[in-house]
Structures are given as structure tokens and as C-alpha cells.
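Novice: First the structure, which I've put down as C-alpha cells, then a few questions once you've had a look.
Bear in mind these aren't lab numbers, they're just calculated from the coordinates by the rules spelled out. Quick caveat, the model's predicted, so the values are computed rather than measured. Here Cβ is always computed from backbone atoms with ideal geometry, including for glycine, and neighbour counts include all displayed protein chains.
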Amino acid sequence: MPTKTILIVDDEPLSIRILQHQLEAEYKILLAQSGEEALKMLSYAIPEIILLDILMPDMDGYALYRKIRQQPELGEIPILFVTCLENQESEAEGLALGASDYIHKPFQPDLVRLRVKNHLALHDQRKLLLRKNAQLEKLNIQLQQTTAQVKLLEGIIPICSYCHKIRDDQNIWKQLEMYICEHSDACFSHGICPDCLAIQRQSIKNKQKSKPDSM
């Protein structure tokens, strides 16, 4: 089943039939025979690529191109101008507007399919790059927020050699864990190390030995 959609905008029924025949096996095709019809269609269906004829009555391809680009949701769609004009000035005007490429009449089927395929691939790569950039930007913001929340312990910290209390900037002595909690995001879980456990057991034994035997 075709997964990508092409909008063909051309006032010549023969040109539309030829392009449709060349592309319908691989893509879903939408058709419009005027600029107004194309704009109406784009209001409810957004294709992956647009093939836009330059020479059309009422609204030519350049004017329609400008109207399409004025709509943010359509701003990134590749647009390939379809033309029978051979002069370089016409082609330069379209490229200066920002058109992705040109397809010349009479159509060469292989070139038409290759140009469409290549520009769809480039469009997919661009969307992927934009998505990755957005993800990186989001991660960067999260990193900045996390970094802003982390408080660093810097400089020389006065600590008591006996009880290990720390003196803060206001000359108040605080327990080590209290000081660290106030100056960082660290949390503590309390336990007893093997050395302290051994000392505690020995202290209990000594106390038991020092008690007089009960009669």
C-alpha cells in the first residue's frame, strides 16, 4: 500500500494524467487543477511532496508557492515546479523562492520518479534530524536544570577532629550529615560499620565483666 502522498497541481488534464500514471503505483495521488483548488485541498490534507505547474490561469505556480509557504504547517513540504519553459531566468526565479527542484515537460518517467524519490528521502532525513535536534535540546535543558539544582561542596571545610562536626559560615557547629544535606542533594541512610560494631560489642562485654556477680 502506498504510504506517501503527492499533490499534483496542474491545469492541463493531460499533464495530470501522465504524472498520475507514472507515480500512482508507488504513491497516493491527490489532484488539483487550480491554485484555489490546491489551497482548499491543503486545508484538510497535507501531502509529503507537491508537484506544482508554473503556468496556470488566475494564480500561477509562483503565487501559489508563496501562499503555501505562508502557512507554517506547510512550510517544510518539498515543492517541485513543473514547467515547459526552457529559459534559465524562469528556473532561477523558482529556485530563488525556495523550490526544491524542477520537472520539465515533456516528462521523462524515470527522471520524474527519481526526482520525487530523492526529494522524499531528503525530506525524511531532514525531519529525522530536526527530531533528533529537538530531543537533544530537551536533554540539554534537563541537564541544565539538574545542574542548577546540584549544590557543590567547595573550599576548605572546618571539621572537628574528635566529634566530626562541621562549622558553617555562621560559625555554628553541625553534624556532618546535616551540613552535607543542607549544601547538596545527598540523602543518608544510617547503619553501623564493622569497626564500630566491634567496638560496641567489646564495650558491652567490658560492662558485663565489670558488674559484680549477683549472689
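Novice: Restricting the count to DSSP beta bridges whose residues both fall in the chain, what percent are antiparallel, rounded to a multiple of 5?
Specialist: Values: 3 of 20 bridges.
So the antiparallel bridges in the chain amount to around 15 percent.
Novice: Something else about it: Set the bar at 26 Å for Cα to Cα. Now go through K105/K127; K4/K127; K165/K207; K117/K138 and name every pair that lies beyond it.
Specialist: On the way: K105/K127 30 Å; K4/K127 14 Å; K165/K207 28 Å; K117/K138 32 Å.
Beyond 26 Å between Cα atoms: K105/K127; K165/K207; K117/K138.
Novice: May I ask which residue of I204, Q170, C187 lies farthest towards the positive end of the charge dipole of the stretch 166-208, with charges of +1 (Lys, Arg) and -1 (Asp, Glu) on Cβ and the Cα centre as origin?
Specialist: I204
Novice: Which log10 I(q)/I(0) values does the stretch 166-208 give at q = 0.20, 0.22, 0.25 Å⁻¹ under the Debye formula, counting every alpha carbon as one identical point scatterer?
Specialist: With no solvent term, the Cα-only Debye profile gives -0.73, -0.77, -0.83.
Novice: Please give the FRET efficiency for K117 paired with Q145, using the beta carbon to beta carbon distance and R0 = 45 Å, rounded to the nearest 0.05. All intermediate terms of the calculation are to be shown ahead of the outcome.
Specialist: Numbers: r = 43 Å, r/R0 = 0.95.
E(calc), rounded to 0.05, equals 0.60.
Novice: For each of V112, V82, count neighbouring Cβ atoms within 10 Å of the residue's Cβ, then give the residues from fewest to most. Can you show the working numbers first?
Specialist: Details: V112 19, V82 24.
So the ranking, lowest neighbour count to highest, is V112, V82.
Novice: Among the aspartates and glutamates, which fall within straight-line cross-link reach of K209, defined as a Cα-Cα distance under 14 Å, with same-chain neighbours fewer than 8 residues apart omitted?
Specialist: Counting by Cα, and skipping residues close in sequence, K209 has no aspartates and glutamates nearby.
Novice: Another question about this same structure. Collect residues whose amide H, placed 1.01 Å from N in the peptide plane, falls under 5 Å from the amide H of L30; neighbours closer than 5 in sequence don't count.
Specialist: Amide H to amide H, under 5 Å and 5 or more residues apart or across chains, L30 pairs with I6, L7, I8.
Novice: Got a sec? How would T83, T5 order by Cβ neighbour count within 10 Å, fewest to most?
Specialist: Values: T83 19, T5 15.
Starting with the residue having the fewest Cβ neighbours, the order is T5, T83.
Novice: Given springs between every Cα pair under 10 Å in a Gaussian network model of the chain, which of S43, S161, S203 has the largest fluctuation?
Specialist: S203
Novice: Then there's this: Which one, F107, Q144, A32, is farthest towards the positive end of the dipole of the stretch 1-151 when Lys and Arg carry +1 and Asp and Glu -1 on their Cβ?
Specialist: Ranked along the dipole, the leading option is Q144.
Novice: Tell me, what is the FRET efficiency for L14 and A92 to the nearest 0.05, using R0 = 41 angstrom and their Cβ-Cβ distance as r? Each step should come with its number before you reach the end.
Specialist: Details: r = 27 Å, r/R0 = 0.66.
Efficiency at R0 = 41 Å is approximately 0.90.
Novice: Roughly what % antiparallel, to the nearest 5, for the DSSP beta bridges in the stretch 26-117?
Specialist: Values: 0 of 8 bridges.
Bridges in the stretch 26-117 are about 0 percent antiparallel.
Novice: In nm, give the distance between the simple-model label positions of L136 and R66, each being 7 Å from the Cα along the Cα-to-Cβ direction.
Specialist: 3.6 nm
Novice: With n ≥ 4 as the cut-off for DSSP H runs, can you work out [θ] at 222 nm for the chain, using -39500 (n - 2.57) per run divided by the number of residues, rounded to the nearest 500? Please report the intermediate quantities before stating the final value.
Specialist: Values: 7 runs with 104 residues, N = 215.
It comes out at -16000 deg cm²/dmol, rounded to the nearest 500.
Novice: So what does the Cα-only Debye profile of the stretch 47-137 read at q = 0.14, 0.18 Å⁻¹, as log10 I(q)/I(0), no solvent term?
Specialist: For the stretch 47-137, the Cα-only Debye profile gives -0.55, -0.85.
Novice: Let me know the charge dipole size of the chain about its Cα centre in debye, to the nearest 20, where only the beta-carbon of Lys, Arg (+1) and Asp, Glu (-1) is charged. Kindly include the intermediate steps, with their values, before the conclusion.
Specialist: Values: 25 positive and 29 negative charges, 441 e Å.
With only Lys, Arg, Asp and Glu charged at Cβ, the dipole is about 2120 debye.
Novice: Take the Cα radius of gyration of the chain and divide it by 2.2 N^0.38 Å, with N its residue count; two decimals is plenty.
Specialist: On the way: Rg = 37.1 Å, N = 215, 2.2 N^0.38 = 16.9 Å.
Taking N as the residue count of the chain, the ratio is 2.19.
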